[in-house]
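Quick one: this structure, given as structure tokens, is what I'll be asking you about.
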Amino acid sequence: MLGARAAALRPGYGFVLSRAVGPFGAFLALAFVMQLVVVPWAGPFYEKLLMDIGINCLLAVSLNLVNGFTGQFSIGHAGFMAVGGYVAGAVTYYGSFVLWGSPAVHGGFLGGGDLLFLAGCLVGGLFSAGAGYLVGLPSLRLRGDYLAIVTLGFGEILRVLLQQTNDVIFVPAQIEAATPWQMATALGGALGFSGIPFYTTVFWVFVMLGLLLIVAFRLKESSEGRAFLSIRENEIAAEAMGIDTTRYKVRAFVLAAFFAGIAGALFAHETGTTLNPRELGFQKSFDIVIMVVLGGMGSISGALVAAVLLTVLPEFLREFADWRLVIYALSLIIMMRFRPQGLFGIREIWELWRKPPGASPAGRGAS
Amino acid sequence: MALLEICDLDVHYGAIHALKGVTLSVEAGQIVTLIGGNGAGKTTTLRAISGLLTPSAGQITFDGKRIDGRPPHELVRLGLAHAPEGRGVFANLTVDENLDLGAYTRKDAAGVAADRDKVLRLFPRLRERLLQPAGTLSGGEQQMLAIGRALLARPRLLLLDEPSLGLAPQVVRTIFDIIREINAAGTTILLVEQNAHMALRVAHMGYVLEVGRIVMADRASVLAASDDVRKAYLGGH
Ligand SMILES: Nc1ncnc2c1ncn2[C@@H]1O[C@H](COP(=O)(O)OP(=O)(O)OP(=O)(O)O)[C@@H](O)[C@H]1O
Ligand SMILES: [Mg+2]
């Protein structure tokens with residue numbers, strides 16, 4: 001056992017990558033099956049539900065990197081989603097006009113339109129990661145609570161700014177005459193950014209989710225990931241172990257923002273949604289926080305379970321829509337009272353059965 | 001030149017002047033103890049050495065290099081390990097994972113595995129509890145874990161902050177035996193203690209800190225025999 005330990009001691013990024021190929025292949029296959037078998041069979045309602053589930057899983061698992069792994073408290077995740085969504089939306093909408101003269105879906109699977117969409121996702125993710133760096137660097141140097149305030153402020157400022165943008169340009173002649181700056185500031189304002197082509201499919205959502213899950217699990221297993229968890233456990237002791245805590249916190253934050261940006265891009269191109277500043281406001285951020293808290297801060301599978309539950313339940317309990325926030329708040333209070341570490345605590349679901357007796361996997365013990 | 005030299009060190013917490021011109025040195029291969037009452041500034045001194053605090057004046061030299069003001073994650077790589085006050089184990093991580101984090105800065109997997117084995121031989125209790133969350137260990141076991149974890153950084157200088165705090169006399173004796181063993185194996189130790197009696201028994205040199213100032217410095221045996229120290233810290237007569 002000790003020999004194996006030594007080999008696995010400090011997996012570098014190369015090692016991490018090589019071990020990611022297999023799981024990613026599996027995810028690709030799964031995404032194909034979902035798209036080609038499940039979607040035609042289940043119909044459009046479930047297709048949309050599956051996409052919503054996948055997007056919320058992306059959001060919950062990525063926020064978990066910050067709130068769960070490093071123990072920071074970010075409550076502005078929807079802001080990063082908005083950055084990614086608007087940037088990607090602008091890329092595909094105006095890009096389609098420039099390339100093909102209309103914003104309609106162009107080409108089939110992996111056709112020109114799909115590639116533009118993927119480029120949009122990537123650019124959206126990168127912009128969001130950049131925003132994460134700008135927001136995270138100053139506040140992560142300070143104590144935990146500052147981050148909550150700054151992320152909250154970031155989301156609100158972004159919402160106000162987006163509401164000030166001009167109407168979307170939809171006349172080809174006007175677009176031809178517009179400068180890039182004019183396009184970048186014509187994002188629909190308070191009414192929302194309508195007209196973005198619907199490129200998001202169950203396939204793409206689950207490919208992105210697969211990517212994130214591989215990154216997240218590899219992180220958690222590696223010594224880098226151990227470093228993240230130690231920061232959350234005890235920052236001073238983590239420093240004393242030689243861990244550059246600020247750098248790790250910023251890294252987690254930027255990574256989380258990147259995937260939130262991709263989630264936003266997927267959301268922006270999903271059938272039946274209009275990208276709208278109000279929808280990506282504080283309430284959305286709060287929903288994501290709830291998923292992470294319910295699932296267990298630090299548990300990836302916990303975040304997945306909570307994200308699926310909290311996407312599916314409201315869908316089938318529409319009569320109770322008005323009560324949603326009350327129910328959330330109540331369930332949080334009950335949770336804090338009886339299981340403050342969340343459903344699965346810091347551990348993964350399958351680890352719950354693996355521990356020796358007496359060692360409660362999520363035990364807080366004397367801390 | 002000594003392994004660690006501290007010269008005229010001042011530390012402030014806002015308006016509180018916690019250390020006032022502290023000067024001390026730790027010779028390579030020795031155990032040096034820093035004793036003093038509550039609030040004397042012992043923990044503050046260790047934190048300044050390991051980089052968790054930035055001193056407002058003075059110098060700290062480790063192995064001939066100025067280290068004051070440098071962040072802790074750089075100092076660990078230079079060979080300084082700190083087992084902080086109150087143990088600071090990662091409660092939700094297993095004993096195993098805690099030990100791994102101790103070796104965080106090291107790249108030599110084989111050396112780490114060997115040191116791990118040494119630590120587990122030193123603390124057989126930990127071997128039995130490798131998969132248990134550290135938060136569920138007893139106080140004494142957590143202290144062993146904190147020391148073991150610090151050792152996995154293979155430090156040249158180990159800073160121990162009150163390893164005997166809150167432990168039963170039997171366990172305190174075990175811990176001090178182990179401290180001696182660690183030192184005999186070549187690690188220099190700066191030991192902060194309220195238990196002056198035990199500390200002066202294992203140490204070569206001792207310093208007495210009172211409200212931020214060093215008031216005595218001598219060989220440990222001399223301090224143990226001194227009337228002032230006996231009265232103030234050994235409950236003697
Ligand atoms: N974070 C802080 N903020 C303000 N004052 C502090 C802080 N930490 C310590 N002090 C003050 O600095 C002085 C020295 O504290 P320190 O913790 O170094 O004492 P100590 O010798 O380790 O005591 P003990 O044996 O009780 O642990 C005390 O007066 C304490 O109140
Ligand atoms: Mg102290």
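For region A:322-341, give me each residue that is under 14 Å from A:Leu309 (Cα atoms) and either within 14 Å of chain B (Cβ to nearest Cβ) or of a type in the set (Gly, Ala, Ser) (or both).
Correct list: A:Ser331 only.
Filter region A:215-228 down to the residues that are under 19 Å from the mean Cα position of the chain (by Cα) and under 19 Å from A:Gly242 (Cα atoms) and list them by number.
Correct list: A:Leu219, A:Lys220, A:Gly225, A:Phe228.
For region B:38-72, give me each residue that is closer than 23 Å to B:Val208 by Cβ, more than 10 Å from ligand 2 (Cβ to nearest atom) and surrounded by fewer than 17 Cβ atoms within 10 Å (Cβ to Cβ).
Within region B:38-72, B:Ser56, B:Ala57, B:Gln59 meet the criteria.
Tally time: how many residues in region A:252-273 are on the phi < 0 side of the Ramachandran plot and more than 15 Å from the chain's Cα centre (by Cα)?
Narrowing region A:252-273 to residues on the phi < 0 side of the Ramachandran plot: A:252-271, A:273.
If we keep only those that are more than 15 Å from the chain's Cα centre (by Cα) as well, we get A:269-271, A:273.
Going through region A:252-273 one residue at a time, the tally reaches 4.
Return only the number of the condition from (1) closer than 17 Å to B:Thr45 by Cβ; (2) out of contact with any Leu (no Cβ under 6 Å at 6 or more places or on another chain) that B:Ile182 does not satisfy.
Going through (1) closer than 17 Å to B:Thr45 by Cβ; (2) out of contact with any Leu (no Cβ under 6 Å at 6 or more places or on another chain) one by one, B:Ile182 breaks only (1).
Table: residues versus (1) farther than 26 Å from B:Ala153 by Cα; (2) surrounded by fewer than 22 Cβ atoms within 10 Å (Cβ to Cβ).
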| site | (1), (2) |
| --- | --- |
| B:Ala185 | no, yes |
| B:Leu190 | no, no |
| B:Met198 | no, yes |
| B:His204 | no, yes |
| B:Val208 | yes, no |
| B:Val211 | yes, yes |
| B:Asp218 | yes, yes |
| B:Val222 | yes, yes |
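Here is a yes/no grid of residues against (1) assigned to a strand (DSSP E or B); (2) over 14 Å from the mean Cα position of the chain (by Cα); (3) not aliphatic (A, V, I, L, M):
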| site | (1), (2), (3) |
| --- | --- |
| B:Val192 | yes, no, no |
| B:Met216 | yes, yes, no |
| B:Val222 | no, yes, no |
| B:Arg230 | no, yes, yes |
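Continuing with the same structure: Taking the residues in region B:10-23 that are in contact with a Ser or Thr (Cβ under 8 Å, 6 or more places away or on another chain) and more than 16 Å from ligand 2 (Cβ to nearest atom) as candidates, determine which candidate is nearest to B:Ile178 (Cα to Cα).
Top of the filtered list is B:Asp10.
Output the qualifying pairs, or none if there are none: Cβ atoms under 7 angstrom, residues six or more apart or on different chains, first residue in region B:26-44 and under 14 Å from B:Arg156 (Cβ atoms) and within 14 Å of chain A (Cβ to nearest Cβ), second residue modelled with pLDDT of 95 or more and within 6 Å of ligand 1 (Cβ to nearest atom).
Note: no pairs meet the criteria.
Also, quick follow-up: Please determine, by comparing only the residues of region A:170-200 that are closer than 23 Å to A:Thr271 by Cα and without any contact (Cβ under 8 Å) to a residue 24 or more places away in the chain, which one is surrounded by the most Cβ atoms within 10 Å (Cβ to Cβ).
A:Ala186
Also, I was wondering about something else. Could you tell me how many of the residues in region A:98-132 are surrounded by 16 or more Cβ atoms within 10 Å (Cβ to Cβ) and of a type in the set (Phe, Trp, Tyr)?
2
If you go through region B:190-230 one residue at a time, how many are within 16 Å of ligand 1 (Cβ to nearest atom) and among the basic types (Lys, Arg)?
Qualifying residue count, region B:190-230: 1.
Given the residues B:Arg70, B:Arg87, B:Arg77, B:Arg106, which is the only one that is within 16 Å of ligand 1 (Cβ to nearest atom) and among the basic types (Lys, Arg)? Full working, then the answer.
Working: B:Arg70 fails: within 16 Å of ligand 1 (Cβ to nearest atom); B:Arg77 fails: within 16 Å of ligand 1 (Cβ to nearest atom); B:Arg106 fails: within 16 Å of ligand 1 (Cβ to nearest atom).
So the residue among B:Arg70, B:Arg87, B:Arg77, B:Arg106 that is within 16 Å of ligand 1 (Cβ to nearest atom) and among the basic types (Lys, Arg) is B:Arg87.
For region B:75-82, check the following and say yes or no: at least one residue is within 16 Å of ligand 2 (Cβ to nearest atom), surrounded by 20 or more Cβ atoms within 10 Å (Cβ to Cβ) and under 30 Å from A:Phe228 (Cβ atoms). Lay out the reasoning, then the answer.
First, pick out the residues of region B:75-82 that are within 16 Å of ligand 2 (Cβ to nearest atom): B:82.
Adding the requirement that they be surrounded by 20 or more Cβ atoms within 10 Å (Cβ to Cβ) leaves B:82.
Now restrict to residues that are under 30 Å from A:Phe228 (Cβ atoms): B:82.
Among the residues of region B:75-82, at least one is within 16 Å of ligand 2 (Cβ to nearest atom), surrounded by 20 or more Cβ atoms within 10 Å (Cβ to Cβ) and under 30 Å from A:Phe228 (Cβ atoms), which makes the answer yes.
Let me ask you something else. Quick check on my filter: what residues within region B:24-37 are under 14 Å from the mean Cα position of the chain (by Cα) and within 16 Å of ligand 2 (Cβ to nearest atom)?
Listed by number, the residues that qualify are B:Thr33, B:Leu34, B:Ile35.
Now a separate question. Which one of these does A:Val312 not meet: (1) out of contact with any His (no Cβ under 6 Å at 6 or more places or on another chain); (2) crowded, with 18+ Cβ neighbours inside 10 Å; (3) under 29 Å from A:Lys220 (Cα atoms); (4) in contact (Cβ under 8 Å) with a residue 60 or more places away in the chain?
With (1) out of contact with any His (no Cβ under 6 Å at 6 or more places or on another chain); (2) crowded, with 18+ Cβ neighbours inside 10 Å; (3) under 29 Å from A:Lys220 (Cα atoms); (4) in contact (Cβ under 8 Å) with a residue 60 or more places away in the chain applied to A:Val312, the lone miss is (2).
I need the full set of residues from region A:243-256 which are surrounded by 24 or more Cβ atoms within 10 Å (Cβ to Cβ) and in contact with a Gly (Cβ under 9 Å, 6 or more places away or on another chain), in order please. Break it down into steps so the answer makes sense when it comes.
The first filter runs over region A:243-256 and keeps only residues surrounded by 24 or more Cβ atoms within 10 Å (Cβ to Cβ), leaving A:243, A:249, A:252-253, A:256.
Correct list: A:Lys249, A:Ala252, A:Phe253, A:Ala256.
Also, I was wondering about something else. Name the single residue that is modelled with the highest pLDDT among those in region A:346-361 being more than 7 Å from every other protein chain (Cβ to nearest Cβ) and buried (at least 16 other Cβ atoms within 10 Å of the Cβ). Quick ask: steps written out before the conclusion?
Going through region A:346-361, the residues more than 7 Å from every other protein chain (Cβ to nearest Cβ) turn out to be A:347-354, A:357-358, A:360-361.
If we keep only those that are buried (at least 16 other Cβ atoms within 10 Å of the Cβ) too, we end up with A:347-349, A:352, A:360-361.
Numbers: A:Arg347: 77, A:Glu348: 81, A:Ile349: 77, A:Leu352: 69, A:Ser360: 43, A:Pro361: 42.
Within region A:346-361, the match that is modelled with the highest pLDDT is A:Glu348.
When you scan region B:55-62, do you find a residue that is under 17 Å from the mean Cα position of the chain (by Cα) and within 16 Å of ligand 1 (Cβ to nearest atom), even just one?
Yes, region B:55-62 has at least one match.
Of all the residues that make up region B:12-45, how many are small (Gly, Ala, Ser) and within 14 Å of ligand 1 (Cβ to nearest atom)?
Here is the first cut: in region B:12-45, the residues small (Gly, Ala, Ser) are B:14-15, B:18, B:21, B:25, B:28-29, B:36-37, B:39-41.
Now drop any that are not within 14 Å of ligand 1 (Cβ to nearest atom), which leaves B:14-15, B:18, B:36-37, B:39-41.
Within region B:12-45, residues that are small (Gly, Ala, Ser) and within 14 Å of ligand 1 (Cβ to nearest atom) number 8.
Output the number of the condition that B:Ala199 fails; it satisfies all remaining conditions of (1) within 16 Å of ligand 2 (Cβ to nearest atom); (2) outside any helix (DSSP H, G or I).
(2)
Could you tell me whether region A:215-228 includes any residue that is polar (S, T, N, Q) and crowded, with 21+ Cβ neighbours inside 10 Å? Spell out how you get there, then give the answer.
To start, the set of residues in region A:215-228 that are polar (S, T, N, Q) comprises A:222-223.
Going one step further and asking which of them are crowded, with 21+ Cβ neighbours inside 10 Å, we end up with none.
The answer is no, given that none of the residues of region A:215-228 is polar (S, T, N, Q) and crowded, with 21+ Cβ neighbours inside 10 Å.
Restricting the first residue to region A:221-239 and requiring it to be within 16 Å of A:Leu65 (Cβ to Cβ) and more than 8 Å from chain B (Cβ to nearest Cβ), which pairs with a second residue that is surrounded by fewer than 24 Cβ atoms within 10 Å (Cβ to Cβ) and charged (D, E, K, R) meet a Cβ separation below 8 Å and a spacing of at least six or different chains?
If the second residue must be surrounded by fewer than 24 Cβ atoms within 10 Å (Cβ to Cβ) and charged (D, E, K, R), the pairs left are A:Ser222/A:Arg10; A:Gly225/A:Arg218; A:Phe228/A:Lys220.
Search region A:15-27 for residues that are under 18 Å from A:Met208 (Cβ atoms) and pair each with any residue that is modelled with pLDDT of 75 or more and in a helix (DSSP H, G or I) when their beta-carbon atoms are under 7 Å apart and the residues are at least 6 apart or on different chains.
A:Ala20/A:Ile214; A:Ala20/A:Arg218; A:Pro23/A:Ile214; A:Phe24/A:Gly210; A:Phe24/A:Ile214; A:Phe27/A:Phe206; A:Phe27/A:Val207; A:Phe27/A:Gly210
Looking only at region B:155-178, count how many residues are in contact with a strand residue (DSSP E or B) (Cβ under 8 Å, 6 or more places away or on another chain) and either surrounded by 19 or more Cβ atoms within 10 Å (Cβ to Cβ) or not charged (D, E, K, R) (or both). I'd like the intermediate steps shown before the answer.
Looking only at region B:155-178, we keep the residues that are in contact with a strand residue (DSSP E or B) (Cβ under 8 Å, 6 or more places away or on another chain), and these are B:155-164.
Then drop every residue that is not either surrounded by 19 or more Cβ atoms within 10 Å (Cβ to Cβ) or not charged (D, E, K, R) (or both), which leaves B:155, B:157-164.
Final tally of qualifying residues: 9.
Does any residue of region B:135-147 turn out to be of a type in the set (Ser, Thr, Tyr), under 13 Å from the mean Cα position of the chain (by Cα) and more than 16 Å from ligand 1 (Cβ to nearest atom)? Break it down into steps so the answer makes sense when it comes.
Step one: of region B:135-147, the residues of a type in the set (Ser, Thr, Tyr) are B:136, B:138.
Going one step further and asking which of them are under 13 Å from the mean Cα position of the chain (by Cα), we end up with none.
Within region B:135-147, none of the residues are of a type in the set (Ser, Thr, Tyr), under 13 Å from the mean Cα position of the chain (by Cα) and more than 16 Å from ligand 1 (Cβ to nearest atom).
List the helices (runs of 4 or more DSSP H) that sit entirely inside region B:54-171 and contain at least 1 residues that are within 8 Å of chain A (Cβ to nearest Cβ) and either under 18 Å from B:Ile182 (Cβ atoms) or among the hydrophobic types (A, V, I, L, M, F, W, C) (or both). Please lay out each step first, then the result.
Numbers: elements: B:72-78, B:95-102, B:109-122, B:124-128, B:139-151.
Output list reads B:72-78, B:95-102, B:109-122, B:139-151.
The values are calculated or read from the model by the stated rules, or taken from the named source; none is laboratory data. Keep in mind the model is a prediction, meaning the values are calculated, not measured. All Cβ positions, glycine included, derive from the backbone under ideal geometry; neighbour counts span all protein chains shown.
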